[in-house]
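The values are calculated or read from the model by the stated rules, or taken from the named source; none is laboratory data. These numbers come from a predicted model, not from an experiment. Glycine gets a Cβ as well: all are built from the backbone with ideal geometry, and neighbour counts include every protein chain shown. Quick note on the areas: whole protein, heavy atoms, side chains included, nothing else; ligands and nucleic acids left out. Shrake-Rupley method; radii C 1.70, N 1.55, O 1.52, S 1.80 Å.
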Amino acid sequence: GASNTASATTQVTGLFYEHTTGSYSDIDLINWSIAEYEGRVSNFTLAPRTQEDYFNFQFEGFLYINQGGGYQFQTTSDDGSRVTIDNIVVVDNDGQHGTRTITGQVVTMAAGARLINVKYFDYNGGQALTVRYKGPDTGNAWVSIPNSALTSRNATSPSTLLVYDAEAAEMARGAGPA
């Protein structure tokens, strides 16, 4: 034919973050569509914060699962945090509280890149955020999600590019090479 199909791959590593300031008592009260600060980080961190109290973060990226199976997620946070995988809540540690750990239910995950989103807010006092998981990739031991797992790897783009080949088009019309 007149075109060759090319498959595009893109690799995303690390996390994108949005950071805002403001006094909130619940993740659902925050307007996440307004970001005062944005950037990239290699893992979940509160280091880019611009003040010590009354701030919020949203992190998004990919969690690469090598071996499908049952996984659990947990956060230890002060104050609230929530983790979603492919837009499904897997940990809800929301509200104003001191450092506490909440563990989600076991979720079955296929191998491959999964969209991960973590929302966090600090009201006042201390601040902490740790995101852990366990499952086949961790030998079923709790570990903080490592930088190496926060990648899309070489996930194939859902669309294929059609690359126009003028010479092939000419050949198809019987005109021979130009």
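What the table below lists for this structure:
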item: The stretch 71-87 - phi-based ³J(HN,Hα) in whole Hz, Karplus 6.51/-1.76/1.60, Gly and Pro as x; result: 10, 10, 10, 8, 10, 10, 8, 9, 9, x, 8, 8, 10, 10, 10, 6, 6
item: Whole-percent carbon and sulfur share, accessible surface of the stretch 72-112, 1.4 Å; result: 49 percent
item: Chain lengthening between D53 and Y37 when straightened (0.36 nm per residue, less Cα-Cα); result: 4.2 nm
item: Derived scalar couplings ³J(HN,Hα) [the stretch 109-115; Karplus, 6.51 cos²θ - 1.76 cosθ + 1.60; whole Hz; x for Gly, Pro]; result: 10, 7, 5, x, 7, 10, 6
item: Sparsely packed GluC sites (Glu not before Pro) within the stretch 15-69, loop by DSSP, other Cβ within 10 Å at most 12; result: E36, E52
item: Among 64-77, 21-34, the order from most to least packed when residues are scored by Cβ within 10 Å on average; result: 64-77, 21-34
item: Sequence-separation-based contact order of the stretch 1-127, relative, with Cα cut under 8 Å and 6+ spacing, percent; result: 29 percent
